[in-house]
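Chemist: What follows is a structure written as structure tokens; I'll ask about it next.
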Amino acid sequence: MKSDCGAKVVAVALFVTALCLAGANSAARQIADAEYEAVADEYIKGYLAVRPLEGTALGLHEYDGKIFDHTRLALDAELSRLRRFDDRLAKFEPTKLSPRQSIDLRILQAAVKKELFEMQDMATFERNPMVYTRAADLNVYVQRNFAPLEDRVRSLTTIESQIPNILIAARTNLDEVLPKPYVELAIEMAKGASDFLKKSLPPAVAGVKDEQVRIAFENANRKAAHAVNDYATWLEREKLPKASLNFALGDEKFRRLLAQTELVDLPPQKILEIGMAQLKAEQEAFVDAAQKIDPSKSPVEVFRQIQSEHPTPQNLIPGVSKDLDKIRKYVVNRHLVSIPSDVRPKVKETPQYERATSFASMDTPGPFEKRATEAYYYVTPTENDWPEKQKQEWLTAFNYYTSDITSIHEAYPGHYVQFLHLNESPASKVEKIFDSYAFTEGWAHYCEKMMLDEGYGSATNSTPSEDDVKRAAKYRMAQVDEALLRLCRLCVSIKMHTQNMSIDEATKFFQENCYYEEKPARQEAMRGTFDPGYLSYTLGKLEILKLRDDYKAQEGDEFSLEKFHNELLNHGMPPIRLLREIMLKDQSKWDEVL
């Protein structure tokens with residue numbers, strides 16, 4: 001009896017000790033969480049103070065009427081700030097934070113690393129003249145009615161009055177010798193920005209009734225447009241003749257870009273091997289689908305025939321809107337993912353001032369926007385003064401099959417549904433502001449394949465007719481065509497930045513592997529020189545597919561696509577490597593991103 005009593009006393013003592021330790025650990029975590037949250041809030045305030053246009057786009061209107069200071073002094077101060085926060089965040093141990101804050105910390109660390117990479121390793125403000133023309137990207141002030149028009153025009157006037165100074169700073173900051181594709185693209189962008197300021201912006205704000213506000217805007221707008229045009233001329237005269245073809249990051253930087261910003265710690269060569277294998281598989285799927293449609297023609301000829309099946313100019317917007325409802329119903333009826341709101345995006349013509357650079361796009365309000373909360377799905381129509389041949393060529397991109405794939409990507413269940421989940425989720429401020437390129441674009445690209453795999457575009461009966469088979473094959477060709485483009489981006493990005501692939505070689509790669517004509521193929525190659533991250537469409541899609549396989553094996557009979565997709569979208573927009581950590585119980589699988 002005595003020994004039993006002693007054992008009970010010891011057991012009680014151990015239990016009390018465990019409770020005390022648990023309480024102490026909980027208290028320590030609460031303190032660590034509070035310290036981290038204070039640092040995160042401080043970083044966000046400084047981040048948006050430097051990037052006020054982003055603050056306005058997010059729906060935080062205390063930043064209205066402000067603009068990024070591009071002077072050397074300001075850039076050096078921001079670089080110092082980023083380094084300082086990188087060091088401060090590194091002192092937090094994820095294991096000593098609560099699970100939620102541990103994830104939050106690493107999202108923020110990746111965001112800081114991304115900014116540091118662009119400023120230090122890519123030397124964006126010294127090597128890329130395009131960043132200075134982006135100061136004229138003021139669309140948010142005309143697209144969103146978050147304030148009375150007069151107030152928004154006052155903000156525009158304040159910002160435009162600073163554009164000449166920004167372009168003076170560009171001449172000081174930029175290196176003597178710049179990458180040639182950067183200069184060529186910057187000249188094109190600057191001329192487009194000047195036209196936007198001169199021709200498109202004034203009509204967009206023509207409703208201003210206050211004469212003083214109108215006159216002040218017109219003066220600032222005229223000077224800004226003139227300054228941007230002068231900048232294009234300066235680049236043509238001073239920078240283009242001496243520009244070089246030196247734009248590649250190199251293997252070490254490229255690997256670090258992926259490891260630090262997307263938490264993908266794989267050699268670029270390994271990712272390229274996976275991409276090339278996927279490219280071959282998709283090309284075979286393209287051929288297989290074409291054979292079902294017309295075996296007497298080449299796959300490219302079959303696809304061109306598909307492209308000829310398109311709406312008239314008059315039916316384009318109504319047709320896209322009608323098909324968008326059909327796609328939404330399919331998502332709901334098949335329980336593919338929850339749609340948290342009945343509010344639909346409005347299908348509208350792309351505003352005139354954006355048509356030069358946009359085919360179709362989703363414009364959603366910022367996650368903190370409380371006033372202008374409408375979402376718009378913009379589709380770029382033909383222009384009335386275009387020759388008939390040009391109209392028909394433009395409409396080929398809106399053939400019935402590709403148009404639906406684009407709507408899946410942009411709206412249901414792609415970007416718009418992702419936005420709705422973000423708004424409804426308990427995501428923190430960090431999770432709502434800082435997104436993973438691979439997750440946001442990877443999700444939308446993944447949805448294209450997922451929807452067709454789940455039967456969209458296929459016959460519902462068990463004995464499909466020949467027409468049903470051909471219709472499904474046409475949808476598959478349209479989906480594969482999009483996959484081939486994104487796979488070519490992945491391969492070209494790695495080859496250009498780690499294997500010295502030239503722009504001409506990259507152009508040829510797009511022509512031969514996703515069957516693009518020379519002009520759009522060259523545009524894609526040029527984009528890869530300054531946007532190595534455009535491999536993220538495919539990278540993110542492959543990461544999601546791998547996570548789905550692992551989650552399905554884990555859940556067994558409890559697995560459903562709806563459950564998987566809802567969980568995937570419930571944590572903001574983090575690097576997918578962190579979603580593996582959240583969703584998979586087996587820690588040994590956390591790093592198996594591909």
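Chemist: Limited to region 240-252, what total is found for residues that are part of a loop (DSSP other than H, G, I, E, B) and touching a residue at least 40 places away in the same chain (Cβ under 8 Å)?
Modeler: Start the filter on region 240-252 by keeping residues that are part of a loop (DSSP other than H, G, I, E, B), which leaves 240-243, 245-250.
Still in the list and also touching a residue at least 40 places away in the same chain (Cβ under 8 Å): 240, 242-243, 245-250.
Residues that pass the stated criteria total 9.
Chemist: Do we have residue 237 as without any contact (Cβ under 8 Å) to a residue 40 or more places away in the chain and surrounded by 18 or more Cβ atoms within 10 Å (Cβ to Cβ) here?
Modeler: Taking the combined requirement at face value, the residue does not satisfy it.
Chemist: Scanning for something at pLDDT below 95, of a type in the set (S, T, N, Q) and more than 20 Å from the chain's Cα centre (by Cα), does region 398-406 turn up at least one residue?
Modeler: No, that holds for no residue.
Chemist: Look through 202, 181 and report the one residue that is under 26 Å from residue 151 (Cα atoms) and of a type outside the set (A, V, I, L, M, F, W, C).
Modeler: 202
Chemist: Take residue 90 and decide whether it is small (Gly, Ala, Ser), touching a residue at least 40 places away in the same chain (Cβ under 8 Å) and closer than 14 Å to residue 260 by Cα.
Modeler: No; evaluated as a whole, the condition is false for this residue.
Chemist: Does residue 449 count as among the basic types (Lys, Arg), part of a helix (DSSP H, G or I) and either under 14 Å from the mean Cα position of the chain (by Cα) or under 30 Å from residue 44 (Cα atoms) (or both)?
Modeler: For residue 449, the condition - among the basic types (Lys, Arg), part of a helix (DSSP H, G or I) and either under 14 Å from the mean Cα position of the chain (by Cα) or under 30 Å from residue 44 (Cα atoms) (or both) - is not met.
Chemist: Quick one: which of 225, 248 is more than 28 Å from residue 516 (Cβ to Cβ) and of a type in the set (Gly, Ala, Ser)?
Modeler: Details: 248 fails: more than 28 Å from residue 516 (Cβ to Cβ).
225 is the lone residue from the list that is more than 28 Å from residue 516 (Cβ to Cβ) and of a type in the set (Gly, Ala, Ser).
Chemist: Just to be sure, is residue 259 over 30 Å from residue 150 (Cα atoms) and in contact with a His (Cβ under 7 Å, 6 or more places away or on another chain)?
Modeler: No, not satisfied.
Chemist: Moving on. Kindly indicate whether residue 107 is within 30 Å of residue 527 (Cα to Cα) and either among the small types (Gly, Ala, Ser) or touching a residue at least 60 places away in the same chain (Cβ under 8 Å) (or both).
Modeler: yes
Chemist: Every residue in region 326-339 that is over 21 Å from the mean Cα position of the chain (by Cα) and buried (at least 16 other Cβ atoms within 10 Å of the Cβ), please.
Modeler: 327, 328, 330, 331, 336, 338
Chemist: Let me ask you something else. When both residues are 6+ apart or on different chains and their Cβ atoms are under 8 Å apart, which pairs have a first residue that lies in region 117-130 and is among the polar types (S, T, N, Q), and a second that is assigned to a helix (DSSP H, G or I)?
Modeler: If the second residue must be assigned to a helix (DSSP H, G or I), the pairs left are 120/79; 124/118; 124/131; 128/182; 128/186; 128/530.
Chemist: Hey, could you check region 152-194 for residues that are part of a helix (DSSP H, G or I), in contact (Cβ under 8 Å) with a residue 12 or more places away in the chain and among the acidic types (Asp, Glu) and say which is surrounded by the fewest Cβ atoms within 10 Å (Cβ to Cβ)?
Modeler: 184
Chemist: Still on this model: Considering every residue within region 525-540, establish whether at least one is part of a helix (DSSP H, G or I), farther than 26 Å from residue 287 by Cβ and either in contact with a strand residue (DSSP E or B) (Cβ under 6 Å, 6 or more places away or on another chain) or among the hydrophobic types (A, V, I, L, M, F, W, C) (or both).
Modeler: Checked region 525-540: at least one residue is part of a helix (DSSP H, G or I), farther than 26 Å from residue 287 by Cβ and either in contact with a strand residue (DSSP E or B) (Cβ under 6 Å, 6 or more places away or on another chain) or among the hydrophobic types (A, V, I, L, M, F, W, C) (or both).
Chemist: Report every pair of residues separated by at least 6 positions or lying on different chains whose Cβ atoms are under 7 Å apart, first residue within region 441-467 and within 17 Å of residue 335 (Cα to Cα), second of a type in the set (Lys, Arg) and at pLDDT 95 or above.
Modeler: Correct list of pairs: 446/541; 452/476; 454/334; 457/471.
Chemist: Let me ask you something else. Tell me, please, whether a residue that is out of contact with any Pro (no Cβ under 9 Å at 6 or more places or on another chain), over 29 Å from residue 158 (Cβ atoms) and polar (S, T, N, Q) can be found in region 27-48.
Modeler: First, pick out the residues of region 27-48 that are out of contact with any Pro (no Cβ under 9 Å at 6 or more places or on another chain): 27-48.
Still in the list and also over 29 Å from residue 158 (Cβ atoms): 27-40.
Okay, now just the ones that are also polar (S, T, N, Q), so 30.
Yes, region 27-48 contains a residue that is out of contact with any Pro (no Cβ under 9 Å at 6 or more places or on another chain), over 29 Å from residue 158 (Cβ atoms) and polar (S, T, N, Q).
Chemist: Residues of region 325-368 being hydrophobic (A, V, I, L, M, F, W, C) and in contact with a Lys or Arg (Cβ under 8 Å, 6 or more places away or on another chain), which ones? Spell out how you get there, then give the answer.
Modeler: First pass over region 325-368, keeping only residues hydrophobic (A, V, I, L, M, F, W, C): 327, 331-332, 336-337, 339, 343, 347, 356, 359-360, 362, 368.
339, 368 - these are the residues of region 325-368 that are hydrophobic (A, V, I, L, M, F, W, C) and in contact with a Lys or Arg (Cβ under 8 Å, 6 or more places away or on another chain).
Chemist: Sticking with this one: Considering only region 152-208, state which residues are modelled with pLDDT of 95 or more and charged (D, E, K, R).
Modeler: Result: 152, 154, 160, 171, 175, 176, 180, 184.
The values are calculated or read from the model by the stated rules, or taken from the named source; none is laboratory data. The shown structure was predicted, so the numbers you read here are calculated from the model rather than taken from an experiment. When we count neighbours, we look across all protein chains shown, and the Cβ atoms used for this are built from the backbone with ideal geometry, even at glycine.
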